[in-house]
Amino acid sequence: MQSYDWTEGLKKLSWEEMVKWAGEKKAGKARKIMSLLRDVMTVENRGAVAIVLTQGEPHGVSIVMAPTGDILTMCTCSPRGVPCEHAAALLWTCREAALEGRSLPQLDIQGLDMDKLLFSSPDDYEDEDEWNDEAEDDVPGVYHELEKFEPPASFANSLKKMKKQEIIDLVVKVASLDEDIYEDFVDHMNLASGNPARIEKALDRELDKLMYLLEDLWEPDDVARELISLRELMEKLVESGQADAVVDLGMQLWERVPEIVYFEDDNQRDYFRLLTADCMEVAVKACIQSSMPSGEKLVWIINRYLEDALCLLDEEEYVLEKGDFTRKDWGYAANALKEMLKALISKNEKGFVREHKEAMLLKWLEISGYKAGKGIFEKALEYIAQATGNYSHLIAFHKSTGNSEKAVNCIVAGLKKLMKTPNPAAWSLFNSLAAIAEEQGDELQALALVVEKFYFRPALDGYEFIRGMAEELNVWPSVQKGLLEYLDTGKRPQSLYEENKDGGLPQPWFVLPKNKNWKAGFPYYSLLINTAVQENRIDDAIREYRRCQKEKKGGCAEIGASLAESLTKSHPELAIEIIQGQITEYIEQKSSQAYQKAGEFLLMLKKTYGDLGRKKEWLAYHQQLIKEYRSRHKMVRVLRKLER
C-alpha cells in the first residue's frame, strides 16, 4: 500500500493488499465488525480514528499514513503497532467512504504538527538542543491525546536525541503514573537482564496475569490479547537465547490448558485452542534449543504428545524432525517409555482412559525403538509383547528380517502365556504359526497345526477342511485314522506322528492344551456318525449309533433323528428302522414328556413315508400303535393329532 495521497490510496486498495497487511484471519474478521465502529473521523486527510464497540471494554483504534506510504496503526487491543482486526475494519470503512465519495468528520488536533510528531527523523534536527523546552511542553498534550497508542518508530528516534538523565527522569515519571506501568517496566528489565531467576519472575507474572483474567471471567478478547502477548514474549526470549525459561513457562501453561479453553462457545473454544497451540509451538521449539541433554529433550516432547488430549501440537513427524535426534536419543526415550509403561501396568487400572494411555505409550515405544536401531527396536517389541500379549509387531519384525525361527519361537512363547485362557488374540497368534509354516513351504507342519485346532474343538467343517489339505498332500488315510481315533477316545493319536515317514504328520510346533470347556465328552458319537454319513460309510454310522444306544449316552435320540434324516433317500429302510426304534423307546418311558418326543418322531416318520409314496404303510403303523397303546390315554391323544 504505497501511496502519498490518502484518498487516492484508499480507492486503489485491493482486498489482496488488505489481506497481506493484516493477515487473512484478521481481514476476514474485519468485515464482520465494521458495523461496530463509532465516531469514525479522519486526521488531516492522512489517517483516521474510531471507537470499536466490543463485548468487553470499547477499543480506541487509529490508522495513519506515513510519508513513505506505509500504514501505521495503533489500537488498545494490541499496543505494539501490529495490525489488528479493529484497524483493518477502520481501514476498509475509510476505503468504502472514499469509493462512495462520502466525507468523514475531521478530528480537531488543535494545531499540532502531525508530521513532526509522528514522522520526524534525527536528521530533521540540527543538534540536540533543538529538542528544546518548547517541544517538551508539547509532550504532555501529545501524550494525553495518544495515550492509547504505541508511538511509531520516529518517537524512538526522537528519544535518541535526549540525554541519558532526561530519559531516566522520563521513565521514572511515567512509571510513577500507575503501578501496572511500573511493574511492566520491571518485567522488561528482568527479561532483558539475562538473569534466569529474574527472567523466571517476569514470566511468572505474565502467566499470572493470564490466569487472573480467566479466574475473574474477563472478556475473551482480553484473554486472547494476553495469549498473543505471551506468545510474542516467548518468541523473543527464544531468539535472545533464553530457551530454558521458555520451556519452564510452556510447562506451566500446558498444565493450565483446561482452564484456558473452558469456554462454552465452540468458536471461542477453538480460537483459544489455536492461540494456546501457538504458544506451545514456541515452547517445543524452545525445548529443542534448550540446555537439556538431547535425550531428555526428546522425552519432554514425547510426554507432551502423550498428554495432548486437545490435539494442540503439530504433527509429531514434523516436530521430531526439527530436533535432529540421534539413535542414542531414541534409545534413551525407549527406556524412559518402558518405565512409564511398567508404572501404568502396575496400577492395574481399567477403563477407556487407561487403555488410551497404554495405546499411546505403546505407539511411542514402537516409534522410539524403530528410530533407535534394530537391536533396541527388537527389545522394545519384545517388551510390548510381554506386557500386553500383542506379539503381532514382534512377529512382523522377525519375518521382515528373514528370521522365521525367531518368529516361531516368539509365537510359541506367547502361546504358552496366552493359551492358559484362550481368547481371540491367542487364536490369532496360533493361526500365524500355520501361516509361517505355509510361507516356508512346510505344508505338513501347517496341516499338523490345523489338526491341533480340531483336537481342541472338533467340528464337521474342521474335519472337511483337514480332509481337503490331507488329500492334496497324499496323507489322508493316516490323518483320517488319527482323527477318528481322537473322536473315539479323546486322546491325541500318537501313531499319527510316529508314522511320519509313512504318511503321518510331524510334531506340531505348539501342542494346544485340553479344552476345559469341552462338554460333549468322548466317544463323540454325533461327529463320528456325521463324518461316516458324509463319507458314505453307512455301516460305520449304524455301528456308532448302536454303540450310542447301548451305552445310553445323552443326546442319542437327537443323533438318531439326524442320522435317519440323512439316510431317508439313500437308505430309507434303515431310516424307518431308526425312527421306529426311537418311537418305541420313548413310549415305553410312560411320561407326558416322553409321549411328546414320541410324537415328534411319529411326525418325522409320517413325512418319511409320505416322501417315499408309502402312505398306506404309515396308516397301518399308526393304527397298530393306537390299538397297542389304547390304554395310555395321553399317548392316544398324541396319535389322534396325527390323523389330521
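Which residues, counting only those in the stretch 502-511, are open to solvent by 50 Å² or more (accessible area, probe 1.4 Å) and modelled with pLDDT under 85?
D502
Output yes when any residue across the stretch 394-408 is modelled with pLDDT of 85 or more, open to solvent by 20 Å² or more (accessible area, probe 1.4 Å) and either under 23 Å from the mean Cα position of the chain (by Cα) or of a type outside the set (A, V, I, L, M, F, W, C) (or both), and no when none is.
yes
For the stretch 207-246: of the residues being over 32 Å from the mean Cα position of the chain (by Cα) and open to solvent by less than 20 Å² (accessible area, probe 1.4 Å), which is modelled with the lowest pLDDT?
Going through the qualifying residues, I end up with L213.
Can you pull out the residues in the stretch 41-72 that are in contact with a helix residue (DSSP H, G or I) (Cβ under 6 Å, 6 or more places away or on another chain) and at pLDDT 85 or above?
Answer for the stretch 41-72, where residues must be in contact with a helix residue (DSSP H, G or I) (Cβ under 6 Å, 6 or more places away or on another chain) and at pLDDT 85 or above: A48, A50, V61, I63.
Scan the stretch 486-493 and give yes if some residue there is in a helix (DSSP H, G or I), closer than 30 Å to L603 by Cα and touching a Pro at 6+ places or on another chain (Cβ under 9 Å), otherwise no.
No: the stretch 486-493 contains no residue that is in a helix (DSSP H, G or I), closer than 30 Å to L603 by Cα and touching a Pro at 6+ places or on another chain (Cβ under 9 Å).
Can you find a residue that is surrounded by 16 or more Cβ atoms within 10 Å (Cβ to Cβ), within 28 Å of S526 (Cα to Cα) and among the basic types (K, R) anywhere in the stretch 453-460?
Looking through the stretch 453-460, at least one residue is surrounded by 16 or more Cβ atoms within 10 Å (Cβ to Cβ), within 28 Å of S526 (Cα to Cα) and among the basic types (K, R).
If you check K328 against the conditions, is it closer than 21 Å to K297 by Cα, modelled with pLDDT of 90 or more, open to solvent by 90 Å² or more (accessible area, probe 1.4 Å) and not acidic (D, E)?
yes
Please go through the stretch 299-319 and give me each residue that is open to solvent by less than 20 Å² (accessible area, probe 1.4 Å) and free of Cβ contacts under 8 Å to residues at least 24 places away in the same chain, ordered by number.
Result: I301, single match.
Restricting to the stretch 447-485, name every residue that is closer than 24 Å to C548 by Cβ and either of a type in the set (K, R) or in contact with a Pro (Cβ under 6 Å, 6 or more places away or on another chain) (or both).
Correct list: R457, R467, K481, G482, E485.
Pairs needed: first member in the stretch 364-383, at positive phi; second member anywhere, open to solvent by 40 Å² or more (accessible area, probe 1.4 Å); C-beta distance under 7 Å; at least 6 residues apart or different chains.
G373/R327
Evaluate the following for K322: is it out of contact with any Asp or Glu (no Cβ under 9 Å at 6 or more places or on another chain), loosely packed, with under 13 Cβ neighbours inside 10 Å and of a type in the set (K, R)?
no
Just one of the numbered conditions (1) part of a helix (DSSP H, G or I); (2) closer than 23 Å to K297 by Cβ; (3) in contact with a helix residue (DSSP H, G or I) (Cβ under 8 Å, 6 or more places away or on another chain) is not true of L312; which one?
(1)
Anything in the stretch 473-499 that is open to solvent by 30 Å² or more (accessible area, probe 1.4 Å) and without any contact (Cβ under 8 Å) to a residue 12 or more places away in the chain? List them, or say none.
E485, K491, Q494, E498 - these are the residues of the stretch 473-499 that are open to solvent by 30 Å² or more (accessible area, probe 1.4 Å) and without any contact (Cβ under 8 Å) to a residue 12 or more places away in the chain.
Take the residues in the stretch 371-393 that are among the aliphatic types (A, V, I, L, M) and modelled with pLDDT of 85 or more; name whichever of them is surrounded by the fewest Cβ atoms within 10 Å (Cβ to Cβ).
Step by step, filter the stretch 371-393, then rank; the result is I376.
The values are calculated or read from the model by the stated rules, or taken from the named source; none is laboratory data. Predicted, not measured: the structure shown is a model, and the values here were computed from it. Cβ atoms come from the backbone with ideal geometry, glycine included; neighbour counts cover every protein chain shown. The accessibility values were calculated without ligands, DNA or RNA, using every heavy atom of the protein model including side chains. Shrake-Rupley method; radii C 1.70, N 1.55, O 1.52, S 1.80 Å.
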